[in-house]
Amino acid sequence: MRCPFCGAQDTRVIDSRLSQEGDQVRRRRECGECRERFTTYEAPELNLPRVVKSNGNREPFREEKLRAGMLRALEKRPVGSDRIEAAIDRIKKRLMSKGDREVPSRLIGENVMQELSSLDHVAYVRFASVYRSFQDVNEFREVIEDLERRPDTEQAEAHEGSFETKTGQ
């Protein structure tokens with residue numbers, strides 16, 4: 001590992017620990033030349049499938065793009081960042097578990113909608129309106145009616161651990 005202070009190649013590991021989540025190794029290092037200390041993090045590199053867009057173009061999966069779309073839908077909604085990150089992780093795990101080298105962008109969009117429906121119904125409707133290119137108010141109505149038709153158990157699971165719902169809504 002190159003020293004970020006002097007650029008020397010000679011650095012040694014002083015201490016290694018697992019991160020709190022257990023998915024990274026934190027290493028404390030010291031430069032053999034300038035004696036400065038710094039921290040590095042080691043994490044597994046996961047190969048996510050390539051995304052096949054609706055026009056046939058292929059591009060690498062970009063987590064930042066997934067996160068940005070979800071955050072845009074969840075803007076000003078009472079959903080904690082830990083729940084959002086957990087939803088993003090579930091989407092990535094589903095994509096990797098399929099074992100495919102390529103996945104259609106439609107599949108990613110459907111996964112996002114599934115996660116948003118359990119995080120926040122308003123965010124779900126926002127995302128669905130863009131993702132499905134709603135043309136009029138009737139399409140909004142259909143999605144909202146679909147949410148209202150869900151069995152009580154499914155709605156209870158969707159709200160579990162999120163925020164308190166107001167009675168009558």
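The values are calculated or read from the model by the stated rules, or taken from the named source; none is laboratory data. None of the values given here were measured: they were computed from a predicted structure. Cβ coordinates were reconstructed from backbone atoms using ideal geometry, including for glycine residues, and neighbour counts include every protein chain displayed. In case anyone asks, the SASA skips ligands and DNA or RNA and just uses the protein heavy atoms, side chains included. Shrake-Rupley method; radii C 1.70, N 1.55, O 1.52, S 1.80 Å.
Results for (1) surrounded by 13 or more Cβ atoms within 10 Å (Cβ to Cβ); (2) over 14 Å from the mean Cα position of the chain (by Cα), shown as yes or no for each residue.
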{"site": "PRO49", "(1), (2)": "yes, yes"}
{"site": "PRO60", "(1), (2)": "no, yes"}
{"site": "ARG83", "(1), (2)": "yes, no"}
{"site": "ILE91", "(1), (2)": "yes, no"}
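Answer yes or no as to whether GLY109 is closer than 18 Å to PHE127 by Cα and touching a residue at least 12 places away in the same chain (Cβ under 8 Å).
It is true that GLY109 is closer than 18 Å to PHE127 by Cα and touching a residue at least 12 places away in the same chain (Cβ under 8 Å).
Out of all the residues in the range 8-35, which are within 31 Å of the chain's Cα centre (by Cα), assigned to a loop (DSSP other than H, G, I, E, B) and not polar (S, T, N, Q)?
Correct list: GLU21, GLY22, ASP23.
What helices (runs of 4 or more DSSP H) lie completely within the range 36-144 and have 2 or more residues being farther than 27 Å from GLN20 by Cβ?
Of the helices (runs of 4 or more DSSP H) lying wholly inside the range 36-144, those with at least 2 residues that are farther than 27 Å from GLN20 by Cβ span 63-73, 105-119, 121-131.
Given the structure, is PHE38 among the aromatic types (Phe, Trp, Tyr), open to solvent by 90 Å² or more (accessible area, probe 1.4 Å) and without any contact (Cβ under 8 Å) to a residue 60 or more places away in the chain?
No, not satisfied.
For the range 115-160, which positions are open to solvent by 60 Å² or more (accessible area, probe 1.4 Å), within 15 Å of LEU74 (Cβ to Cβ) and modelled with pLDDT under 85?
Selection gives VAL130, TYR131.
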